[in-house]
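Some notes on the structure that comes next.
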Amino acid sequence: MNESQLIEELSAALDAEAATVRVPAGAAGRARKRAHRRRLTRGLAAGVPVAALAAGLVVASAAGGPHAPVRQSAPKAGAAKTVRLTAVDVLDRAVAAALAQPAVVPRPGQFAYWKTVDSVNGTAETWRSVNGSRNGFVLSRGKKVMLWGCADGWQTIQPDQGSGLTQITQRCLAQPAYLPDLPVTASEMQEYLARNFGSGLQDAAVAQKLTEVLLGQDYLLPAQRAALYRFFVTTPGLKVIPRIRDYAGRPGIGVSLTTDGFTARWIFDPNTFAYLGSADMAGGKPSFGSAVLTVAIVDEAGQRP
Amino acid sequence: MRRKSSVAFDEFVRVHGDSLIRLAYVLCGDRGRAEDATQEALTRLYLRWGRIEDPLPYARRSVVNATNDHWRRSGRREQRERLAAQQRPDLPVPVDDQIVDRDRLVQALRRLPHGQRAVIVLRYWHQLPEPEIARILGNSVGTVKSQASRALGRLRDELRSDLMPVNPREYR
């Protein structure tokens with residue numbers, strides 16, 4: 001074997017040897033966290049006030065619930081527990097809460113139903129076709145807004161009676177309520193979101209899209225929701241909001257992320273860690289609030305669970 | 001500003017992360033250690049992010065150093081045991097000749113001293129020019145050339161000796 005053959009063989013051998021080795025998901029986030037911790041340690045060594053660097057916040061919560069916060073000291077009987085939760089703790093519990101839910105896999109011809117209340121539409125009921133092929137609608141403020149189905153790339157729009165307009169048939173893209181190929185692992189979710197919405201959650205558009213998804217624009221299986229939270233956990237800059245209410249006035253615990261003046265705030269039930277709603281801020285002012293009241297799968301548009 | 005640098009760092013890891021961990025893996029031969037070394041290298045990189053003009057050579061250098069740190073920390077005895085384990089053949093099973101050849105090459109590479117191994121990998125696998133390797137390793141171009149030459153010679157010797165009959169006593 002001469003030198004060039006040896007080098008060629010060696011390159012091929014190393015290609016084969018390392019082909020399946022990939023950097024773990026979240027490596028960048030972990031590197032940032034470790035770097036921050038090292039800076040922090042150096043800062044402490046240099047005499048930075050400890051109180052200013054305290055991580056985690058104090059949250060009061062009622063006892064009970066399958067995913068009740070871990071207590072740090074034995075509580076007195078009947079007393080409220082005081083625990084420290086970070087944003088990561090909240091999301092970890094949200095993952096467990098999601099996975100504890102039964103997986104209801106919808107059939108293509110069914111509808112996803114949401115009852116929501118938000119700052120734009122007020123109370124609204126939405127029926128969206130699971131695979132996007134059937135006509136759904138939104139009932140809000142006494143009006144019915146059609147969500148026209150798209151079957152085989154075509155949709156037919158029926159004009160309102162008495163409008164004088166004629167029926168239109170046009171090309172379309174289906175807008176399914178349920179995405180069966182939405183990933184169920186954090187790393188795949190990261191790739192999916194990066195492919196569809198940008199390179200990371202630091203992108204405000206991605207944060208906004210996630211709010212929409214969580215709000216109920218898409219029907220998520222428990223594993224998909226858990227993957228979303230798991231991916232979300234790796235995002236730098238998450239903060240916990242110990243006390244916050246959703247748009248329906250329900251008390252919750254929040255996780256926030258600020259990007260370019262826009263703060264997405266996701267609200268979870270403090271006991272069950274089910275998703276409640278959002279309370280977003282833009283330019284320091286509330287920009288959008290929402291609450292998800294009911295989510296279900298039904299057979300027909302207009303049918304309530 | 002910090003957000004923008006985080007985005008740029010994420011993008012850097014997305015683009016170069018696999019290449020860095022593969023470099024770590026071929027240098028240390030252990031997935032867990034490669035992950036640790038890459039994580040350490042990325043952490044060091046992020047601590048200096050924004051102050052380095054060209055982050056890739058710095059990241060490669062950190063990976064090379066981190067794998068060397070692991071190598072040093074693991075201790076000589078453990079090294080000997082691991083190398084012996086790597087050299088010890090399992091029960092003979094029919095395998096593809098090409099796989100056997102590749103395995104021999106990789107094992108021979110791993111028996112090289114860390115510095116020579118790094119030069120070989122960067123020069124012939126990453127196909128980097130000698131001045132850049134010198135910059136990554138903190139050596140002179142002359143040292144890189146001589147290490148590459150010595151390493152190739154040693155690889156050839158190792159492969160030749162691999163073809164010689166095995167003394168069964170070594171494996172008892």
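What the table shows:
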| item | result |
| --- | --- |
| Criterion (crowded, with 20+ Cβ neighbours inside 10 Å and at positive phi) met by exactly one of A:268, A:273 | A:273 |
| Selection from region B:46-62 of residues that are charged (D, E, K, R) and modelled with pLDDT of 85 or more | B:60, B:61 |
| Test for residue B:23: is it touching a Lys or Arg at 6+ places or on another chain (Cβ under 9 Å) and buried (at least 19 other Cβ atoms within 10 Å of the Cβ) | yes |
| Search result, residues across region B:119-157 that are assigned to a helix (DSSP H, G or I), within 13 Å of chain A (Cβ to nearest Cβ), closer than 25 Å to residue B:53 by Cβ and not β-branched (Val, Ile, Thr) | B:122, B:123, B:125 |
| In region A:213-231, residue modelled with the lowest pLDDT [restricted to those that are under 12 Å from residue A:177 (Cα atoms) and in a helix (DSSP H, G or I)] | A:216 |
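Okay, residues lined up against (1) within 21 Å of residue A:227 (Cβ to Cβ); (2) modelled with pLDDT of 85 or more; (3) surrounded by 18 or more Cβ atoms within 10 Å (Cβ to Cβ):
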| site | (1), (2), (3) |
| --- | --- |
| A:147 | no, yes, yes |
| A:151 | no, yes, no |
| A:164 | no, no, no |
| A:176 | yes, yes, yes |
| A:189 | yes, no, yes |
| A:197 | yes, no, no |
| A:205 | yes, no, no |
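The values are calculated or read from the model by the stated rules, or taken from the named source; none is laboratory data. Quick caveat: nothing in here was measured; it's all calculated off a predicted structure. Note: ideal-geometry Cβ built from the backbone for every residue, glycine included; neighbour counts use all protein chains shown.
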